[in-house]
Amino acid sequence: MDEGCTQLLIAAGRGDAEASGQLFTRLYEELRHCARRQLRGRAGSLVSTTVLVHETYLKLIHAERLEAGSRGHFMALAARAMRQVLVDDARRVGAEKRGGHALFVTLDERLPDAADEALEVLALDRALTTLEAVDARAARVVHLHFFAGLTFPEIATLENLNERTIKRDWQAARGLLAAEMKADGGGAAASA
């Protein structure tokens, strides 16, 4: 990350709204890439890439302080915010499926797919929550690699660990997530 982004991160961390906006503009394409990674393989996604990026930005700027000292840390925060947006949307879809709106009539044949996808997002969220409780570092590796798109060397630098340790954490996390997803009935998402 260039010096300009670092300065914007510092200013945004102090609550400078203009710096937050400039940071968003500068990192917009990287955030879109991160959003595409999170939406990859989801037929008829609940939200579009653009909506996910913009909702993430709103979550980040409404946080009390944006404290990120590096590109990697910022992308980890963005990935976590994206996960929250997807989980919130999945819960909304689940509520609609259970009759959350009094008069809900649709001719859209994709509704069952959206509901199934919502269940998968919620199952993945529960599995990640379990992983965070069991192995917080491995959960960070999942967020940084799978969701934020960082490479293993980038994660190793960010976490101040060697790359082999990061790869072991990744393998262990994938195994635990797969087991959790299978137990929760949402095994497809864990195979990523």
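Each value in this text was obtained by applying a stated rule to the coordinates, not by laboratory testing. Being a predicted model, the structure only gives us computed values, none of them experimental. Methodologically, a virtual Cβ is constructed for each residue, glycine included, from the backbone with ideal geometry; neighbour enumeration extends over all protein chains shown.
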Run the numbers for residue 61 and residue 171: contour at 0.36 nm per residue of separation, minus the present Cα-Cα distance, in nm.
36.3 nm
May I ask you to derive the FRET efficiency for residue 161 and residue 3 from their Cβ-Cβ distance with R0 = 35 Å, giving the value to the nearest 0.05?
0.85
Estimated FRET transfer efficiency (residue 29, residue 134; beta-carbon r; R0 35 Å; 0.05)
0.50
Any chance you could run the full-extension gain for residue 126 through residue 151? It's 0.36 nm times the residue separation minus the Cα-Cα distance, nm to one decimal.
6.5 nm
With R₀ set to 25 angstrom, the calculated FRET efficiency between the beta-carbons of residue 50 and residue 18, to the nearest 0.05, is 0.65
